[in-house]
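Note sheet for the following structure.
What follows is calculated from the coordinates using simple rules that are stated; it is not laboratory data. The shown structure was predicted, so the numbers you read here are calculated from the model rather than taken from an experiment. All Cβ positions, glycine included, derive from the backbone under ideal geometry; neighbour counts span all protein chains shown.
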Amino acid sequence: MPTATLTGTCPECETGLTVPPIVEGETLSCPECLLTLRVEDIKDDQLTLQMVEVQLRDWGQ
Ligand SMILES: [Zn+2]
């Protein structure tokens, strides 16, 4: 029976992450460095995570 969680590593701080099952394209936050990470790929319950460029403030036109 497959495990109920997925694991990955934060590309920024290399913290090991354990998350509930999610799908490719979803985002999550690293609890250590608080970066927003997007799931690029899932293989054998291992996540490939990619940093997401986050706008810290609105463009404001
Ligand atoms: Zn991190």
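Descriptive notes on the structure:
- Output for the range 1-42, where each listed residue is within 16 Å of residue 53 (Cβ to Cβ) and more than 8 Å from the ligand (Cβ to nearest atom): 25, 27, 28, 29, 36, 38, 39, 40
- Exactly one residue among 12, 32, 24 is surrounded by fewer than 12 Cβ atoms within 10 Å (Cβ to Cβ), acidic (Asp, Glu) and part of a loop (DSSP other than H, G, I, E, B), and that residue is 24.
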